[in-house]
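Let me begin by presenting the structure, written as structure tokens, before commenting on it.
The values are calculated or read from the model by the stated rules, or taken from the named source; none is laboratory data. Keep in mind it's a predicted model, so treat the numbers as computed, not measured. Note that each Cβ is placed from the backbone with ideal geometry, even for glycine, and that neighbours are counted across all protein chains shown.
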Amino acid sequence: MKPPVFLDRDGTLIVDRHYLSDPEGVELLPGAAEAVARLNGAGHPVFLVTNQSGIGRGYFTEAQYRAVHGRLVELLAAAGAWLDGEYHAPHTPGDPDPEALRKPGAGMFLRAASEHGVELAGAFFIGDRVRDVAPAERFGGRAILVRSPESEAEMPPYAEVAGSLAEAVERIVALDRG
């Protein structure tokens with residue numbers, strides 16, 4: 001099995017709408033669905049791992065989150081792409097989070113590894129914020145920060161930068177080819 005790829009949602013796969021609660025607002029970033037399809041075709045398990053503090057803040061419900069996620073899945077499927085798993089943390093930054101689900105915590109990644117039998121060492125962690133890719137350092141994976149308007153200016157030394165998800169995936173596929 002090839003290493004898993006953990007993707008952030010907002011700003012990495014879809015346009016960041018800040019507390020998106022309406023499925024009609026889901027807009028894939030250019031090349032994102034095709035990038036996921038390339039990972040699927042190359043044999044990499046692909047997992048969505050996203051902080052969703054809007055649930056904890058009361059901006060939208062778990063059902064609304066699920067509807068938005070359903071729309072994302074539909075848009076990916078239209079391009080022949082899929083996610084092997086979805087994990088989200090509904091906590092706000094100040095909430096008790098005993099499982100450390102909220103990124104940069106390890107909880108969602110550990111859950112995915114346990115439920116799907118994947119190794120976190122050597123995994124790829126892709127997102128538009130440092131907190132999305134920080135677990136790569138902890139687990140011995142590879143961090144690829146996708147530039148977006150939300151990206152931090154300061155880069156951690158363990159992360160590489162890509163201009164888009166498609167560019168990040170091209171690097172992964174190139175590694176597969178040797």
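Brief remarks on what is shown
- Pairing each residue of region 81-107 that is more than 29 Å from Ala166 (Cα to Cα) with any residue that is modelled with pLDDT under 95 and in a loop (DSSP other than H, G, I, E, B), provided the two are 6+ apart or on different chains, yields C-beta distances under 9 Å for His91/Asp97.
- Only listed residue being outside any loop (DSSP other than H, G, I, E, B), at pLDDT 95 or above and closer than 27 Å to Phe139 by Cβ, chosen from Leu76, Leu101: Leu76
- Restricting attention to region 94-135, the residues being under 19 Å from Glu150 (Cα atoms) and of a type outside the set (Lys, Arg) number 10.
- Residue match in region 59-71 (condition: closer than 25 Å to Glu154 by Cα, in contact (Cβ under 8 Å) with a residue 24 or more places away in the chain and not in a helix (DSSP H, G or I)): no
- Failed condition for Asp176, given (1) surrounded by fewer than 16 Cβ atoms within 10 Å (Cβ to Cβ); (2) within 27 Å of Tyr19 (Cβ to Cβ): (2)
- Restricting region 121-139 to residues that are touching a residue at least 24 places away in the same chain (Cβ under 8 Å), among the aliphatic types (A, V, I, L, M) and part of a loop (DSSP other than H, G, I, E, B), the residue that is surrounded by the fewest Cβ atoms within 10 Å (Cβ to Cβ): Ala134
- The set of residues in region 125-178 being among the hydrophobic types (A, V, I, L, M, F, W, C) and more than 21 Å from Met1 (Cα to Cα) consists of Val130, Val133, Ala134, Leu145, Val146, Ala153, Met155, Ala159, Val161, Ala162, Leu165, Ala166.
- Test: residue in region 17-28 that is of a type in the set (Phe, Trp, Tyr) and surrounded by 20 or more Cβ atoms within 10 Å (Cβ to Cβ): no
- Residue in region 68-77 that is of a type in the set (D, E, K, R), buried (at least 17 other Cβ atoms within 10 Å of the Cβ) and farther than 23 Å from Ala166 by Cα present: no
- Scanning region 79-96 for residues that are in a loop (DSSP other than H, G, I, E, B), surrounded by fewer than 18 Cβ atoms within 10 Å (Cβ to Cβ) and either in contact with a Phe, Trp or Tyr (Cβ under 7 Å, 6 or more places away or on another chain) or of a type in the set (Lys, Arg) (or both) gives a single hit, Asp84.
- Apart from one condition, Ala143 fits all of (1) aliphatic (A, V, I, L, M); (2) under 19 Å from Gly11 (Cβ atoms); (3) not in a strand (DSSP E or B); the exception is (3).
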